[in-house]
Amino acid sequence: MNFPHFVRIDRDGRDAVRHFVVHAHDPRFTLELMPDREAPDKVGKGVIKRVCVPNSWAGDYGKYAHWLARAQEFFAESGGGPAARRE
């Protein structure tokens with residue numbers, strides 16, 4: 001699948017690695033995920049921890065649900081990488 005507008009950011013924290021997926025074009029949003037430990041590969045599509053969206057999304061969450069699902073698919077296809085293996 002093609003994900004031209006998504007960017008994955010993995011940040012090392014004091015306790016763990018934090019994973020973010022950013023959608024850089026309209027609609028702009030940031031999704032923080034944590035690996036799904038119940039998935040066979042221990043990462044899966046990730047479990048949504050936090051969603052940061054503009055105020056204009058208020059009341060239209062259902063309209064943008066497909067973007068959040070695509071962000072999770074991007075997370076899964078972008079692989080665990082070295083950061084996910086350390087967790």
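Residues being part of a loop (DSSP other than H, G, I, E, B) and either within 17 Å of I9 (Cβ to Cβ) or in contact with a Cys (Cβ under 9 Å, 6 or more places away or on another chain) (or both): count how many of those fall in the stretch 54-81.
Residues flagged as part of a loop (DSSP other than H, G, I, E, B) and either within 17 Å of I9 (Cβ to Cβ) or in contact with a Cys (Cβ under 9 Å, 6 or more places away or on another chain) (or both) within the stretch 54-81 amount to 3.
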Search result, residues across the stretch 13-28 that are over 19 Å from A65 (Cα atoms) and open to solvent by 60 Å² or more (accessible area, probe 1.4 Å)
R14, D15, R18
Being more than 14 Å from the chain's Cα centre (by Cα), among the charged types (D, E, K, R) and at pLDDT 85 or above narrows E77, E32, E73, E38 down to just E38
D10 being outside any strand (DSSP E or B) and of a type in the set (D, E):
no
Collect the residues in the stretch 29-51 that are loosely packed, with under 15 Cβ neighbours inside 10 Å and in a loop (DSSP other than H, G, I, E, B), keeping them in residue-number order.
R37, E38, A39, P40, D41, K42
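The values are calculated or read from the model by the stated rules, or taken from the named source; none is laboratory data. Note that the structure is a prediction, hence the values are computed from the model and not measured. Using ideal geometry, Cβ is built from the backbone for each residue, glycine included, and neighbour counts are taken over all protein chains shown. Surface areas here come from the heavy atoms of the whole protein model, side chains and all, with no ligands, DNA or RNA. Shrake-Rupley method; radii C 1.70, N 1.55, O 1.52, S 1.80 Å.
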